[in-house]
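**Q** Below you'll find the structure I mean.
The values are calculated or read from the model by the stated rules, or taken from the named source; none is laboratory data. Small disclaimer: the values here were computed from a predicted structure and weren't measured. For neighbour counting, all protein chains shown are included, and Cβ atoms are generated from backbone atoms with ideal geometry for every residue, glycine included.
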Amino acid sequence: MAIVLKTDINVVHSKSCFKINFTKKLVVNFSKSLLVLGLASLSACGGSGNDETPIPEQKVYPDYTDITASGGDTTTFDASESGHGFSTPAPNLTDTELAQHLEGDLSFETAFTTAPNSAHPELDGLGPVFNNADCNSCHQRDGRNSTPIIPAGQSRVKLGSDAGIFLRISMAPTEPCVTGTLSNDYCAPIPVPDFGGQLFHRGVLQARPDWQQNQFIGQADVYLSYETKVITYDDGTSVTLKKPLFAVENPYDAPGETIASANITSNLLQDDVLMGWRNGMPVFGLGLLEAIPEADILANVDENDTDNDGISGRANYVFDAVKAQAGEAKPVSLGRFGWKANTPSVRVQSLGALRGDIGVTNPLFPNESIAGTALHDSYLTRTGFVDTGSGVDGEPEASAEFSDSVVFYAETLAVPARRNVANSNVREGARLFEQLNCTGCHTPSFVTKTSGNIGGSPMSPSHMGQTIYPFTDMLLHDMGDGLADGRPDFLASGNEWRTRPLWGIGLTQTVNPQAGFLHDGRAATLEEAILWHGGEAEQSLQDFMALTAEERTQVIDFLMSL
């Protein structure tokens, strides 16, 4: 039967009720039974609408909600609640690659000794000033290092042999460096005279001229303390945040001097010296990050915020020691690693740390980190040691085989699989993560390239063509004054940091219960880390703080699943 109605039919279903409103002409075909049902339902509704039940909002979950294989075929699914969850070799390595990876595992944990060591010359070369004696001390179990603990009753703690945190140092530039060229050293940080670009708080026995009073002390003593502030949500819940403060005292060029001294003479304590604190970070999945096509990273650059979402994203271009060694005219590459994207490859990052953090020269960095400084010259004169960065064979202290194995190890550690993806809180957290626009910086996924080199060497087939979920755009973002260290690093400003990959972050404190988050370990929890966000992340922070307590928990549960 056809009925001509001068109406627009608006049907609202509320359990047993249909409400029909007529406003304009339509031709509608009803079966006889449906027409009777409709009329009866209209009568039952009474026209008031008081019994109507709104249709629930249809929730849309992001594509990554159910993903478990964060590293594609390099993912390990057996690292869940293990303290060694970051230490598994990628499962898709060949037998030959696995053997090289395991060799690199041993090299990664090798503790070096003072030169000369006639019994084990392959182990000597430590220092003479350094931050730690082996890679594992800064990257405990291939994850983050322990945050230093201030003893009860004390206001600060002196960094010692168990500290995986250190200070980058440089001179304040007279003007911002916008474009890197040979004449301005490609905007590299300006070394502090007679100190360099990193502060080494430890030293071998006679490292300092005043070594009798300062045994095993490096360039200076470093002390850590904290200041705190309280953040309160609208629901009354409060979170106490702590910010690390560092005091540098007793520099080798002016023993006993501090920033409070009446007459400051040390090069290190001058007003134009900038210091930025750095925490060791996890080393798994690095080869995959280097295998992301450069064009795919640059596609997310929005330096002028053309889409008006408050997020810009900039690329850092940095000096590339691999290209320089190969004789390229412009040895510059896209920065991918380090807290400010200040290194271009796993090779430069790993071997730079071997020479810098440990003081062990290698084929890529054959000169001592403090070569040419008054401290190094004095050490060689006073001790008579031939510790110029070369072994008895005239080669760097770490062999090419040792260096290659360490690099390959860092490139081929497996990415841990996600956990609890079916949990309702985790799923809701994934939806909220997207809603808060956290993905504006933490880009969920990339596909790695299918051929080519990484770090100047052929890429492992295990890295090729992998769909990965690192949750990073690999770009620089202004994170606000709260996180700023004020120290430029190549094109990165003092407020900018590279987006930290989030994969595996939920296992951080399973691997090391004393690990902290952010570049200086200040955040004891993921919630604290979120609350430190500012700058380009300010809107996301405010939206997070406006969530209910249940919703905030869901966001954290999602992060813990990664």
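**Q** For the range 348-355, does any single residue satisfy the condition of being out of contact with any Cys (no Cβ under 9 Å at 6 or more places or on another chain) and not in a helix (DSSP H, G or I)?
**A** Checked the range 348-355: no residue is out of contact with any Cys (no Cβ under 9 Å at 6 or more places or on another chain) and not in a helix (DSSP H, G or I).
**Q** Thr23: assigned to a loop (DSSP other than H, G, I, E, B), out of contact with any strand residue (DSSP E or B) (no Cβ under 7 Å at 6 or more places or on another chain) and modelled with pLDDT of 95 or more, yes or no? Give the derivation first.
**A** Values: assigned to a loop (DSSP other than H, G, I, E, B): yes; out of contact with any strand residue (DSSP E or B) (no Cβ under 7 Å at 6 or more places or on another chain): yes; modelled with pLDDT of 95 or more: no.
Taking the combined requirement at face value, the residue does not satisfy it.
**Q** May I pose another question? Counting just the residues of the range 41-66 that are surrounded by 13 or more Cβ atoms within 10 Å (Cβ to Cβ) and touching a strand residue (DSSP E or B) at 6+ places or on another chain (Cβ under 9 Å), which one comes out modelled with the highest pLDDT? Give the derivation first.
**A** Keep residues of the range 41-66 that are surrounded by 13 or more Cβ atoms within 10 Å (Cβ to Cβ), which gives 41-42, 44-45, 51-52, 62, 64-66.
Going one step further and asking which of them are touching a strand residue (DSSP E or B) at 6+ places or on another chain (Cβ under 9 Å), we end up with 41-42, 44-45, 51-52.
Details: Ser41: 37, Leu42: 33, Ala44: 39, Cys45: 41, Asp51: 56, Glu52: 68.
Looking at the filtered set, the residue picked out is Glu52.
**Q** Taking the condition part of a loop (DSSP other than H, G, I, E, B) and either buried (at least 18 other Cβ atoms within 10 Å of the Cβ) or of a type in the set (S, T, N, Q) (or both), does Trp497 pass? First the steps, then the outcome.
**A** Numbers: part of a loop (DSSP other than H, G, I, E, B): no; either buried (at least 18 other Cβ atoms within 10 Å of the Cβ) or of a type in the set (S, T, N, Q) (or both): yes.
No.
**Q** Sticking with this structure for a sec: Go through Arg156, Arg141 for me and flag whichever is more than 29 Å from Ala398 (Cβ to Cβ), surrounded by 13 or more Cβ atoms within 10 Å (Cβ to Cβ) and assigned by TED's automatic domain parsing to the domain that holds Ser369.
**A** Exactly one residue qualifies, and that residue is Arg156.
Results for (1) farther than 27 Å from Ala324 by Cβ; (2) among the basic types (Lys, Arg); (3) free of Cβ contacts under 8 Å to residues at least 12 places away in the same chain, shown as yes or no for each residue.
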position	(1), (2), (3)
Thr110	no, no, no
Pro121	yes, no, no
Leu126	no, no, no
Cys138	no, no, no
Asp142	yes, no, no
Ser170	no, no, no
Gly180	no, no, no
Ser183	no, no, yes
Cys187	no, no, no
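**Q** If I filter the range 540-551 down to residues being assigned to a helix (DSSP H, G or I) and in contact (Cβ under 8 Å) with a residue 60 or more places away in the chain, which single residue comes out as farthest from Ser238 (Cα to Cα)?
**A** Ser540
**Q** Also, quick follow-up: Hey, could you check the range 253-270 for residues that are out of contact with any Phe, Trp or Tyr (no Cβ under 9 Å at 6 or more places or on another chain) and in contact (Cβ under 8 Å) with a residue 12 or more places away in the chain and say which is surrounded by the fewest Cβ atoms within 10 Å (Cβ to Cβ)?
**A** It comes out as Thr265.
**Q** Which one of these is at pLDDT 95 or above and either in a loop (DSSP other than H, G, I, E, B) or closer than 21 Å to Glu122 by Cα (or both): Thr306, Thr361?
**A** On the way: Thr306 fails: at pLDDT 95 or above.
Checking each option against the conditions leaves just Thr361.
**Q** While we're here: Considering only the range 264-284, I want to know if a residue exists there that is under 31 Å from the mean Cα position of the chain (by Cα), among the β-branched types (Val, Ile, Thr) and under 29 Å from Phe446 (Cβ atoms).
**A** Among the residues of the range 264-284, at least one is under 31 Å from the mean Cα position of the chain (by Cα), among the β-branched types (Val, Ile, Thr) and under 29 Å from Phe446 (Cβ atoms), which makes the answer yes.
**Q** For the condition closer than 15 Å to Asn145 by Cβ and either free of Cβ contacts under 8 Å to residues at least 24 places away in the same chain or buried (at least 18 other Cβ atoms within 10 Å of the Cβ) (or both), what is the one hit in Ala523, Ala537?
**A** Within the list Ala523, Ala537, the selection yields Ala523.
**Q** Can you tell me which condition Glu175 does not meet? The list is (1) out of contact with any strand residue (DSSP E or B) (no Cβ under 7 Å at 6 or more places or on another chain); (2) more than 30 Å from Leu491 (Cα to Cα), and all the others hold.
**A** With (1) out of contact with any strand residue (DSSP E or B) (no Cβ under 7 Å at 6 or more places or on another chain); (2) more than 30 Å from Leu491 (Cα to Cα) applied to Glu175, the lone miss is (2).
**Q** Consider Ser82 against the criteria (1) surrounded by 17 or more Cβ atoms within 10 Å (Cβ to Cβ); (2) part of a loop (DSSP other than H, G, I, E, B): it satisfies all of them except one. Which criterion is unmet?
**A** If we test Ser82 against (1) surrounded by 17 or more Cβ atoms within 10 Å (Cβ to Cβ); (2) part of a loop (DSSP other than H, G, I, E, B), just (1) comes out false.
**Q** Criterion first (in the same structural domain as Thr147 (by TED's automatic domain parsing) and part of a loop (DSSP other than H, G, I, E, B)) does Leu507 satisfy it?
**A** For Leu507, the condition - in the same structural domain as Thr147 (by TED's automatic domain parsing) and part of a loop (DSSP other than H, G, I, E, B) - is not met.
**Q** Restricting attention to the range 160-176, and to residues there that are buried (at least 19 other Cβ atoms within 10 Å of the Cβ) and either among the β-branched types (Val, Ile, Thr) or modelled with pLDDT under 95 (or both), which single residue is farthest from Ile150 (Cα to Cα)?
**A** Result: Ile169.
Conditions (1) touching a residue at least 24 places away in the same chain (Cβ under 8 Å); (2) under 15 Å from Arg498 (Cα atoms), marked per residue:
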position: Asn316; (1), (2): yes, yes
position: Asp320; (1), (2): yes, no
position: Ser333; (1), (2): no, no
position: Gly352; (1), (2): yes, no
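**Q** How many residues, within the range 354-363, are within 17 Å of Phe319 (Cα to Cα) and either touching a residue at least 60 places away in the same chain (Cβ under 8 Å) or of a type in the set (Val, Ile, Thr) (or both)?
**A** Result for the range 354-363: 1.
**Q** Let me ask another. Quick one: in the range 540-562, which of the residues that are surrounded by 17 or more Cβ atoms within 10 Å (Cβ to Cβ) and small (Gly, Ala, Ser) is farthest from Pro470 (Cα to Cα)?
**A** Taking the candidates together, the pick is Ser540.
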